[in-house]
Amino acid sequence: MESMTWVVVGVSLVLIVAFAALVSLATRTDRLHNEVLRSRAALERLLHARATTALAIAGSGRLDPASSVILEDIASRALQDPGALVPDGLDPNWEAIPTLGAVETRDRALVESELSRVLRVLVPQVRRENADDAELQDLVSALTAQWYRATIARSLHNTRVVQSRQVRLRWAVRTFRLAGRAPMPVTFDMDDALPEGEG
């Protein structure tokens, strides 16, 4: 009878430890989802700030007409995109139907990448041709600072997404559905390289 008691105690301890491990894993999964959303929101703010400053530079009247029109067009498109940065459905405030897969962020990423390419040409040109214009130089410095912080934020966001996906792919998370119905988070990939010598 005493050996039976020890078996029950042993099984109970194993079940308690297993339950505690599952609770810990579920908590970690939820925490990583929240970190993904926070890092994504920070990236969104920085990209918005970059586009806003680019638009201010385009409207400053100091660029040649062609450069001004091109920069205004692409910066306006970056600001007018009403969608979520990554519409994977992870953000509970985003009500659109999530689209999972490789193309879900393509449109927004293309616009942001195009803005990066235009700015990589214009920033050195503006620095060179308007060296005595302190106000314009301040705008360009603000833009490159926002741009640099956005590259850091995107790297951090994608790292958080990879960590979250690794945890989500564990057998215990999948078997016991510890992530609930939350969709799998997705990275945001774009061309965000700064001009040489900036950042």
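The values are calculated or read from the model by the stated rules, or taken from the named source; none is laboratory data. Given the structure is predicted, the values throughout are model-derived calculations rather than measurements. Cβ: placed from backbone, ideal geometry, glycine included. Neighbour counts: every protein chain shown.
What the table below lists for this structure:
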{"quantity": "Given (1) modelled with pLDDT of 90 or more; (2) under 26 Å from Leu32 (Cα atoms); (3) not hydrophobic (A, V, I, L, M, F, W, C), index of the condition Asn130 fails", "calculated": "(2)"}
{"quantity": "Hits in the range 15-39 (condition: closer than 15 Å to Trp171 by Cβ and of a type in the set (Ser, Thr, Tyr))", "calculated": "Thr29"}
{"quantity": "Within the range 39-55, considering residues that are touching a helix residue (DSSP H, G or I) at 6+ places or on another chain (Cβ under 6 Å) and among the small types (Gly, Ala, Ser), the one farthest from Val111 (Cα to Cα)", "calculated": "Ser39"}
{"quantity": "Any chance Glu72 is of a type outside the set (A, V, I, L, M), modelled with pLDDT of 90 or more and under 30 Å from Val167 (Cβ atoms)", "calculated": "no"}
{"quantity": "Given (1) of a type in the set (A, V, I, L, M); (2) in contact (Cβ under 8 Å) with a residue 40 or more places away in the chain; (3) closer than 30 Å to Gln125 by Cβ, index of the condition Leu37 fails", "calculated": "(3)"}
{"quantity": "Selection from the range 141-192 of residues that are surrounded by fewer than 20 Cβ atoms within 10 Å (Cβ to Cβ) and of a type in the set (Lys, Arg)", "calculated": "Arg149, Arg165, Arg168, Arg170, Arg174, Arg177, Arg181"}
{"quantity": "Residues (touching a residue at least 40 places away in the same chain (Cβ under 8 Å) and under 24 Å from Val123 (Cβ atoms)) located in the range 153-195", "calculated": "Ala153, Arg154, Leu156, His157, Phe188, Asp189, Met190, Asp191, Asp192, Ala193, Leu194, Pro195"}
{"quantity": "Qualifying residue in the range 25-34 (condition: surrounded by fewer than 17 Cβ atoms within 10 Å (Cβ to Cβ) and of a type in the set (A, V, I, L, M))", "calculated": "no"}
{"quantity": "Output for the range 40-77, where each listed residue is small (Gly, Ala, Ser) and surrounded by fewer than 21 Cβ atoms within 10 Å (Cβ to Cβ)", "calculated": "Ala41, Ala42, Ala49, Ala56, Gly59, Ser60, Gly61, Ala66, Ser67, Ser68, Ser76"}
{"quantity": "Qualifying residue in the range 123-135 (condition: exposed (fewer than 13 other Cβ atoms within 10 Å of the Cβ) and closer than 30 Å to Arg28 by Cβ)", "calculated": "no"}
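Matching residues to (1) part of a helix (DSSP H, G or I); (2) touching a Leu at 6+ places or on another chain (Cβ under 8 Å):
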position: Ala131; (1), (2): no, no
position: Leu136; (1), (2): yes, no
position: Ala142; (1), (2): yes, no
position: Ala150; (1), (2): yes, yes
position: Arg177; (1), (2): no, no
